[in-house]
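Colleague: Before I ask anything, here is the structure I am working with.
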Amino acid sequence: MHKLSEIVNNCGRVVVKIGSNLLASKASGINLSRVDAIAEALCYLQRKGKSVVLVSSGAQAAGVAALRLKEKPKAMAEKQAVAAVGQPLLMEAYEKAFRKQGKHIAQILLTNEDLSSKERFFNAKNTFGALLNKGIIPVVNENDTVAVEEIKVGDNDNLSAMVANLIEADLLILLSDIDGLYTDDPSKNRSAKLVPLVEKIDAGVERFAKKSGSELSTGGMFTKLQAAKKCVSSGIIMVICNGEEPGILKEIFEGTFKGTLFLPKKNAMTNKKSWMAFVANPKGFVVVDDGAKDALLNRAKSLLPSGVLDAGGDFRAGDTISVRDRLGFEIARGESACSKETMLIIRGCRTGEVGKRLPSCKIKEVIHRDNLVILAES
Ligand code: GLU
């Protein structure tokens, strides 16, 4: 574990996500002592020189408790109303707890749309950067009061992985009500074992995640694994551990904690590519022939007009588009060098023919390799 604790210790930017179950209950509302403990631990990390962002769930749970409802409502407008009541209560609790530590916090509420649009993504990135430079801890949640199903990230595990990507974090810590990833459901199988280290998310790990997990939280282990995939592909370490353990955050940096650590891939994507792969909302698509598919997947080539069979959607130069194979599978995503209209004119053209078909067009590659991210395994 010595080497791992060194890797973790070198992490300068850290996102910590805390789940609803740890923060609020229907009966007694926000757990103020837990909020105090998290504020204290995050300030400790800051004193150690880390830049810290907190992603906190609990708005809906706090709203349910404040309104003395028997359970979380099902209808969208009711859920939004409950979150609108709970979010300021949650922030009030954080504000008080951090003030005791002499620290300011800032609220950032995001929807999927804020992250999937390039302009808004970079706006948000600048805001985070400005706050972190001032030593202010941003407290993030999904903007549940306006996010309807279509524009929702839906769970804070995935949201925190997107935020980790946004701020180019080194480490994401998911504080949960279970110790980590188990080989089976520990509440049903006494011989289920905690998996301390995941070096590769393979089929075996996926199977563990299906079995283990908590029924109570929004996504259980399923969304935690989705978050882990986003992180490891983007070069970010991810840890799942039990936030009920006092001192767990300190233990992570001392290398003595109990939990699951996911190691990032060696050939991690750049920030821009992981945004395209996991966050962007493609504006359209191109369908490519088998030769182009092979060149993209196995020979690290750019996409040329000659390999394009068709294009759809509504995109302009610079927009993110999906690259589909002839069967319709999305094999890659990339930044298109031209609009859909141009793509439809120059598709199938060999190099040299493009200018003849469309004299104003100087394009060689319709998606340059530097702006392309592969999604399918070769
Ligand atoms: N945004 C939700 C809330 O604050 C929580 C979502 C989640 O727990 O993943 O209630």
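Colleague: So if each residue of separation counts as 0.36 nm, and I subtract the Cα-Cα distance between Ser28 and Lys356, what length gain in nm does that give?
Modeller: Separation in residues times 0.36 nm, less the Cα-Cα distance, equals 110.8 nm.
Colleague: Another one. What FRET efficiency do you get for His368 and Ser117 if R0 is 25 Å and r is their Cβ-Cβ distance, rounded to the nearest 0.05? Present the calculation step by step, with values, prior to reporting the outcome.
Modeller: On the way: r = 22 Å, r/R0 = 0.87.
Step by step, r from the Cβ atoms, then E = 0.70.
Colleague: Only four residue types carry charge here, +1 at the Cβ of Lys and Arg and -1 at the Cβ of Asp and Glu. Report the dipole size of region 41-161 about the Cα centre in Debye, rounded to the nearest 20.
Modeller: With only Lys, Arg, Asp and Glu charged at Cβ, the dipole is about 720 debye.
Colleague: Quote the charge dipole size of region 298-356 about the Cα centre in Debye, to the nearest 20; the model charges only the Cβ of Lys and Arg (+1) and of Asp and Glu (-1).
Modeller: Magnitude of the dipole: close to 260 debye.
Colleague: Separate question: Under the Karplus relation 6.51 cos²θ - 1.76 cosθ + 1.60, θ = phi - 60°, what is the ordered set of whole-Hz ³J(HN,Hα) values for region 21-26, x standing for Gly and Pro?
Modeller: 4, 7, 9, 8, 10, 4
Colleague: Lys and Arg at +1, Asp and Glu at -1: add these up for the other residues within a Cβ distance under 15 Å of Lys79 and post the number.
Modeller: In short, -2.
Colleague: Here's a follow-up. In the full protein assembly as shown, how much of Lys72 is accessible to a 1.4 Å probe, in Å² to the nearest 10?
Modeller: Surface open to solvent at Lys72 totals about 100 Å².
Colleague: Going by Cα centres, region 128-207 and region 1-65 are how many Å apart?
Modeller: 12
Colleague: Would you mind calculating the gained length between Arg207 and Ser191 on full extension (0.36 nm times residue separation, minus the Cα-Cα distance), in nm to one decimal?
Modeller: The Arg207-Ser191 span can extend by a further 4.2 nm.
Colleague: Okay, moving on. Please list, ordered by chain and number, the residues whose modelled amide H lies under 5 Å from the amide H of Asp184; skip anything fewer than 5 residues away on the same chain.
Modeller: Those qualifying (amide H under 5 Å, at least 5 residues apart or on another chain) are Lys193.
Colleague: Using amide H atoms built in the peptide plane, which far-off residues or other-chain residues are under 5 Å from Ser339 H to H?
Modeller: Excluding prolines and chain starts, which carry no amide H, the hits are Ala317.
Colleague: Now for a separate question. Identify which of Val163, Val14, Val198 has the largest mean-square fluctuation in a Gaussian network model of the chain, with springs joining Cα atoms closer than 10 Å.
Modeller: Most flexible of the set in this elastic network: Val198.
Colleague: Taking θ = phi - 60°, what integer Hz values does the Karplus form 6.51 cos²θ - 1.76 cosθ + 1.60 yield along region 235-244, in sequence order, with x for Gly and Pro?
Modeller: x, 10, 6, 10, 10, 10, 8, 8, x, 6
Colleague: Exceeding 18 Å between C-alpha atoms, which entries from my cross-link table qualify? They are Lys26/Lys210; Lys118/Lys301; Lys3/Lys258; Lys200/Lys293.
Modeller: Lys26/Lys210; Lys118/Lys301; Lys200/Lys293
Colleague: Sticking with this one: Just to be sure I understand the rule: take each whole DSSP H helix in the chain, project its Cα atoms onto its long axis, keep it if the span is 20 Å or more and its mean Kyte-Doolittle hydropathy is at least 0.0. Which ones pass?
Modeller: TM-like helix candidates: 32-47, 220-233.
Colleague: Just read off the accessible area of His368 with the full protein assembly in place, 1.4 Å probe, to the nearest 10 Å².
Modeller: 70
Colleague: OK, next. If you count only protein heavy atoms with a 1.4 Å probe, what accessible area per residue comes out for the chain, rounded to a whole Å²?
Modeller: Averaged over the residues of the chain, the accessible area is 47 Å².
Colleague: Next question, about the same structure. For the chain, what is the relative contact order in percent, using Cα pairs closer than 8 Å and at least 6 residues apart in sequence?
Modeller: Numbers: 781 pairs, mean separation 54.3, N = 378.
Reported as a whole number, the value is 14 percent.
Colleague: With θ set to phi - 60°, apply the Karplus curve 6.51 cos²θ - 1.76 cosθ + 1.60 along region 330-346 and write out the HN-Hα couplings as whole Hz, x wherever there is a Gly or Pro.
Modeller: Along region 330-346, the couplings run 7, 9, 7, 9, x, 8, 6, 7, 8, 7, 4, 4, 5, 4, 5, 6, 8 Hz.
Colleague: What does the charge add up to near Gly19, with Lys and Arg as +1, Asp and Glu as -1, over the other residues with Cβ less than 9 Å from its Cβ?
Modeller: In short, -1.
Colleague: With unit charges on the beta carbons (Lys and Arg positive, Asp and Glu negative) and the dipole taken about the Cα centre of region 27-110, which residue among Met76, Leu45, Ala65 sits farthest to the positive side?
Modeller: Leu45
Colleague: Then there is this: State the Cα centre-to-centre distance between region 71-86 and region 296-359 in whole Å.
Modeller: Region 71-86 and region 296-359 have Cα centres spaced 44 Å from each other.
Colleague: Another one. Ignoring ligands, DNA and RNA, what percent of the accessible area of the chain is carbon or sulfur (1.4 Å)?
Modeller: Here it works out to 50 percent.
Colleague: Just going by the charge dipole of the chain, with Lys and Arg at +1 and Asp and Glu at -1 on Cβ, which of Thr145, Asn21, Ile173 is farthest out on the positive end?
Modeller: Ile173
Colleague: Just want to confirm a number: the relative contact order over region 22-90, from Cα pairs under 8 angstrom separated by 6+ residues, in percent. All intermediate terms of the calculation are to be shown ahead of the outcome.
Modeller: Details: 87 pairs, mean separation 24.6, N = 69.
Normalised by residue count, the contact order of region 22-90 is 36 percent.
Colleague: Now for a separate question. Taking amide H positions as placed in the peptide plane 1.01 Å from N, state which residues far from Gly313 in sequence (5 or more) or on other chains have amide H under 5 Å from it.
Modeller: Phe285
Colleague: Can you figure out the FRET efficiency of Glu71 with Glu149, using R₀ = 25 Å and their beta-carbon distance, to the nearest 0.05?
Modeller: Numbers: r = 19 Å, r/R0 = 0.78.
FRET efficiency, Glu71 to Glu149: 0.80.
Colleague: Given the whole protein assembly as supplied and a 1.4 Å probe, what does the accessible area of Leu309 come to in Å², nearest 10?
Modeller: Spelled out: Leu309, probe radius 1.4 Å, area about 80 Å².
Colleague: To continue, here is another question. Determine the dipole magnitude for the chain: charges of +1 sit on the beta-carbon of Lys and Arg, -1 on that of Asp and Glu, nothing else is charged, the reference point is the Cα centre, and the result goes in debye to the nearest 20.
Modeller: 580
The values are calculated or read from the model by the stated rules, or taken from the named source; none is laboratory data. All of these numbers come straight from a predicted model, not from anything done at the bench. Neighbour counts are summed over all protein chains in view; Cβ atoms, including those assigned to glycine, are modelled from backbone coordinates with ideal geometry. Note: accessible area is taken over every heavy atom of the protein model, side chains too, but ligands, DNA and RNA are not part of it. Shrake-Rupley method; radii C 1.70, N 1.55, O 1.52, S 1.80 Å.
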